[in-house]
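The values are calculated or read from the model by the stated rules, or taken from the named source; none is laboratory data. Note that the coordinates shown come from a computational prediction; the quantities given were computed from them, not determined experimentally. Note that each Cβ is placed from the backbone with ideal geometry, even for glycine, and that neighbours are counted across all protein chains shown.
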Amino acid sequence: MENPYNNEQPYQPVPPQEPIPPTPSLYQGNNGFATASLIMGILSLIFLCCAPPLLFIISSLGILFSCLSKGHRARSGSAKAGLALSASTLAIMSAFLIFLCSAFLLSPEGSSFLSDYINILTDDNVSDEDLYNFLEKYLYEFNDDTNTDSRDYENSPDYYENFEEFELPPEIFQQPETDNGGNFI
């Protein structure tokens with residue numbers, strides 16, 4: 001067996017390697033959108049209690065800004081927080097609306113409304129009177145004056161009967177007084 005170390009060829013050292021460049025930061029996105037996402041998330045949390053209709057707009061903007069702030073590899077902490085706040089308040093409000101709608105539809109008034117509404121949608125022979133009765137039943141149900149029909153023009157008082165006899169007071173037609181400079185007194 002030959003000795004590999006007693007070689008006549010000189011030992012060749014390994015050439016030096018180039019230094020490894022430092023790893024870039026994981027977040028290379030837009031800090032402005034990340035901050036806007038966090039602000040929209042906080043506002044959506046506030047609007048959860050104060051102004052629920054605006055919550056959907058604000059939460060959607062928070063999610064959008066979080067997506068726009070994403071860098072090549074990751075989101076910043078404020079973008080993640082804004083996304084979490086916006087998505088959670090949106091989920092809470094959606095669950096609350098689903099609960100309210102299901103509670104309404106399971107009540108006797110809600111099931112009556114739903115059956116009447118489906119009847120109007122599916123019936124081919126719905127007249128205008130049926131539509132008006134449906135709207136009047138569900139829109140004006142809480143009106144205190146249920147004995148009078150708001151569309152009953154023949155029995156309603158005529159406010160223009162004595163229009164010729166109606167006179168305005170004469171001081172309405174007088175010109176305002178002015179001083180010599182044309183200014184009103």
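Data table
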{"read-out": "Yes/no for Ala95 being touching a helix residue (DSSP H, G or I) at 6+ places or on another chain (Cβ under 9 Å), part of a helix (DSSP H, G or I) and either under 30 Å from Ile39 (Cβ atoms) or at pLDDT below 85 (or both)", "value": "no"}
{"read-out": "Residue match in the stretch 103-123 (condition: among the hydroxyl-bearing types (Ser, Thr, Tyr), outside any helix (DSSP H, G or I) and either in contact (Cβ under 8 Å) with a residue 12 or more places away in the chain or over 18 Å from Asn30 (Cα atoms) (or both))", "value": "yes"}
{"read-out": "Extreme residue, farthest from Ile42 (Cα to Cα), among residues of the stretch 93-102 that are under 18 Å from the mean Cα position of the chain (by Cα) and among the small types (Gly, Ala, Ser)", "value": "Ala95"}
{"read-out": "Scan of the stretch 16-70 for residues that are β-branched (Val, Ile, Thr) and either in a helix (DSSP H, G or I) or under 16 Å from Leu90 (Cα atoms) (or both), ordered by number", "value": "Thr35, Ile39, Ile42, Ile46, Ile57, Ile58, Ile63"}
{"read-out": "Condition met for Ser78 (among the polar types (S, T, N, Q), in a helix (DSSP H, G or I), closer than 30 Å to Gly32 by Cα and out of contact with any Cys (no Cβ under 9 Å at 6 or more places or on another chain))", "value": "yes"}
{"read-out": "Only one of Leu105, Leu90, Leu68 that is among the hydrophobic types (A, V, I, L, M, F, W, C), surrounded by 12 or more Cβ atoms within 10 Å (Cβ to Cβ) and closer than 13 Å to Gly41 by Cβ", "value": "Leu90"}
{"read-out": "The one condition in (1) in a loop (DSSP other than H, G, I, E, B); (2) among the aromatic types (Phe, Trp, Tyr); (3) modelled with pLDDT of 85 or more that Tyr5 fails to fulfil", "value": "(3)"}
{"read-out": "Within the stretch 50-75, tally of residues that are more than 11 Å from Ala36 (Cα to Cα), within 17 Å of the chain's Cα centre (by Cα) and not β-branched (Val, Ile, Thr)", "value": "9"}
